[in-house]
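Single-structure report; data block below.
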Amino acid sequence: MGRAPVRTIRRVPASEAAPPAFPAPVRQPAPLSRGNVLFLVGFFLALAVLVVGNLVHVPVAIMSPGPTMNTLGDVPGKSDGSALISIEGLPAYDAEGELSFTTVSVLGGPGFPVDAFDVLWAWIDPSQDVLPVDQVFDPNASEERIAEENAVQMAGSQEEATAVALRALGKTVTTHVKIAEILDESLAKDVLRMGDRIVRVGDVTITTADSVRSALQVVRPGEQIEVEVSRAGSSKVVDVPTMSGSEGRTALGVLLQLDHDFPAKVTINAGEVGGPSAGLMFALGIYDKLTPGSLTDGRDVAGTGTIDDAGDVGPIGGIKQKMAGARAGGSEYFLAPVENCPEVTGNIPSGLEVFAVDTFDDARQAVEGIASGRTSGLRRC
């Protein structure tokens, strides 16, 4: 028989055996230096401040210089060459130079919260102002309500500017008071309509918005008063329920605006700018476009101020920011309402000459003086 295979087993000496499998030694991290610790602490503190600064909203409004817009030029941002002021029905002329209205950028109020970093930057920048938000916005008004009121004020300023400029040219312009908007809370929604021209309130013939407000005070809030309106060319007399307005005064719950019968169609495209403060510069721009030659003789004049139907110039907010914006935009001359003079003094940017005006005629004479180089007799703040 064959022999079975034999397996030989060799014993390995202990000295030749593989070492036992122990885990590799763990290397301990070097301790942080004092400088590294301070860096990390500072980093996380800065991160915390950044987060908190952006999350904490502050009840203030910040006013900053906004852009200027030339009433004699084209609509900013439009590529089709649309004029900011266009006129149909009367001869219009090209005008050189600039008659620019100024704007203010406002951060804060409903829908536009201000954080701690906004406030810190505004404190550093001398051209900005930080004000209590209630000083700038009605605390009870919503973002939508503020936008609506600004739009109504802008439309009213354009109407009155057109009336003043046309009358300065000897044109006949008849003034009416119309309902620009009916508030949601108004009790008169069922009897009044947007666009109604108010002819009479009680026994008072209406000539101005103030005459409407005064005539309403013969009744108490909640009582009815007889109102005559002109609607689509027809007269209509209605009994209108009143409500309590600001300071408890009797009100209709409507926004009023002056309406006119113009001998020409004047269209002003100011974009999304709201409020009444461009009225003076609109009036000057319309007047310049309706007269041959250039009122400015090529000079760059900016300004601000409300204007009413009688041609009186009224004060505005943010005069410091508007002067700063005018100078940044290249203007060397600025028209400011007389009533804003206390705020003008001490805040005039270098290189800007400021002239105080009280009426449209004052403003026109000031521009004519600037154009001719004879400014020594013009009123200043």
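Derivation of every value follows stated rules applied to the coordinates shown; laboratory data play no part. Quick caveat, the model's predicted, so the values are computed rather than measured. Positions of Cβ are generated from backbone atoms using ideal geometry, with glycine treated the same way; all protein chains shown enter the neighbour counts.
In order along region 99-105, the phi-based Karplus estimate (6.51 cos²θ - 1.76 cosθ + 1.60, θ = phi - 60°) of 3J(HN,Hα) comes to 10, 9, 8, 10, 10, 10, 8 Hz; Gly and Pro are listed as x. Each Cα pair of region 149-199 feeds into the Kirkwood radius, which the Stokes-Einstein equation turns, at 20 °C and 1.002 mPa s, into a diffusion coefficient of 169 µm²/s.
Remark: region 150-166, residue by residue, has Karplus-estimated 3J(HN,Hα) of 4, 5, 5, 5, 5, 4, x, 5, 5, 4, 5, 4, 5, 4, 5, 5, 5 Hz, where x stands for each Gly or Pro and the curve is 6.51 cos²θ - 1.76 cosθ + 1.60 at θ = phi - 60°. Average projection, convex hull of the Cα set of region 174-260: 5.0 square nanometres. Phi angles of region 351-364 translate, via the Karplus equation with coefficients 6.51, -1.76, 1.60 and θ = phi - 60°, into HN-Hα couplings of x, 10, 9, 10, 10, 8, 10, 10, 9, 4, 4, 4, 5, 5 Hz per residue; Gly and Pro are given as x. In this structure, the amide hydrogen of LEU256, modeled 1.01 Å from its nitrogen in the peptide plane, lies closer than 5 angstrom to those of ALA180, counting only residues at least 5 positions away or on a different chain. Taking region 181-201 and a reference point 7 angstrom along Cα→Cβ of ARG220, the backbone N atoms nearer than 20 Å belong to 187-188. Full extension of the chain segment joining SER211 with LYS189 gains 5.8 nm, where the gain is 0.36 nm per residue of separation less the Cα-Cα distance.
The slack in the chain from GLN135 to GLU332, taken as 0.36 nm per residue of separation less the alpha-carbon distance, amounts to 67.8 nm. Peptides 285-291, 121-127 ordered by packing proxy, namely the average of other Cβ atoms within 10 Å per residue, highest first: 285-291, 121-127. In region 117-168 the Cα-Cα distances spread across 5 Å bins starting at 0 as 4, 16, 13, 13, 16, 15, 12, 8, 4, 1 percent of all pairs.
What is the packing order of peptides 92-103, 259-270, taking the mean over residues of other C-beta atoms within 10 Å and listing the highest first?
Values: 92-103: 21.6, 259-270: 16.5.
The densest-packed peptide leads the list: 92-103, 259-270.
The length gained on full extension between ASN269 and GLU339, counted as 0.36 nm times the residue separation minus their Cα-Cα distance, comes to 22.4 nm. For the pair VAL237 and GLU368, a Förster radius of 45 Å applied to the C-beta separation gives a FRET efficiency near 0.40, rounded to the nearest 0.05. Here the scattering of region 61-206 is modelled by Debye summation over its C-alpha atoms, one equal scatterer each and no solvent; at q = 0.12, 0.17, 0.18 Å⁻¹ the log10 of I(q)/I(0) is -0.82, -1.19, -1.21. Within region 204-362, the ratio Rg/Rh, alpha carbon atoms throughout and Rh by Kirkwood, equals 1.07.
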